[in-house]
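Chemist: Please read through the structure below; I'll follow up with questions.
The values are calculated or read from the model by the stated rules, or taken from the named source; none is laboratory data. Keep in mind that this is a model prediction, so the values were computed, not measured. Quick reminder, even Gly has a Cβ in these numbers, built from the backbone with ideal geometry, and neighbours come from all protein chains shown.
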């Protein structure tokens, strides 16, 4: 089984100085750095997914802004794949599946942002496409959501989405568990 690390949307706009700061992004990126280093040492392919909004007036991830840049603490290196997307699902209208197939990759390790949107959508799509998936939960970040005039705290959003994915769509791990 050939493995790749998929780093979803770890971009400047999701950090405190960005246009859509997520709860836990600063902590998550530190864990992502450790996972990237481990995966490099194992010879895994590293795939960065970069979201660029299709609409020029998008509130975040607008083309040509610093907000779309991959966070400097995990900058891609030569040989890493960078796949641009315009939708939450990293497979939709991208070359991700083609890249995985060409490189005979069947197991995916996921990290990234936003847990309730792009991470969730991509992990579910990967499962539907037949990939074996691991999700590193503390390498993800999300934000508060509002439903029926009630705020759902980011911690609860995170826990609910990770719990829903675990077991059927992926195997959920912490950074510590994955690095062992």
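Chemist: Tell me which strands (runs of 3 or more DSSP E) are completely within the range 65-180 and hold 2 or more residues being in contact (Cβ under 8 Å) with a residue 12 or more places away in the chain, or say none if there are none.
Modeler: Result: 81-85, 107-113, 132-141, 171-173.
Chemist: Out of 157, 123, 119, I need the residue that is within 21 Å of residue 86 (Cα to Cα) and either in contact with a helix residue (DSSP H, G or I) (Cβ under 6 Å, 6 or more places away or on another chain) or modelled with pLDDT under 95 (or both). Which one?
Modeler: Every option except 123 fails the conditions.
Chemist: Sticking with this structure for a sec: Run residue 62 past the list (1) exposed (fewer than 15 other Cβ atoms within 10 Å of the Cβ); (2) more than 16 Å from the chain's Cα centre (by Cα); (3) over 22 Å from residue 120 (Cβ atoms) and report the number of the one that doesn't hold.
Modeler: The single condition residue 62 does not satisfy is (1).
Chemist: May I ask you to list the residues in the range 1-55 that are part of a helix (DSSP H, G or I) and either at pLDDT below 95 or within 22 Å of residue 102 (Cβ to Cβ) (or both)?
Modeler: 36, 39, 40
Chemist: Taking only the range 101-116 into account, find how many residues are over 16 Å from residue 158 (Cα atoms) and either touching a helix residue (DSSP H, G or I) at 6+ places or on another chain (Cβ under 6 Å) or surrounded by fewer than 22 Cβ atoms within 10 Å (Cβ to Cβ) (or both).
Modeler: Selection size over the range 101-116: 8.
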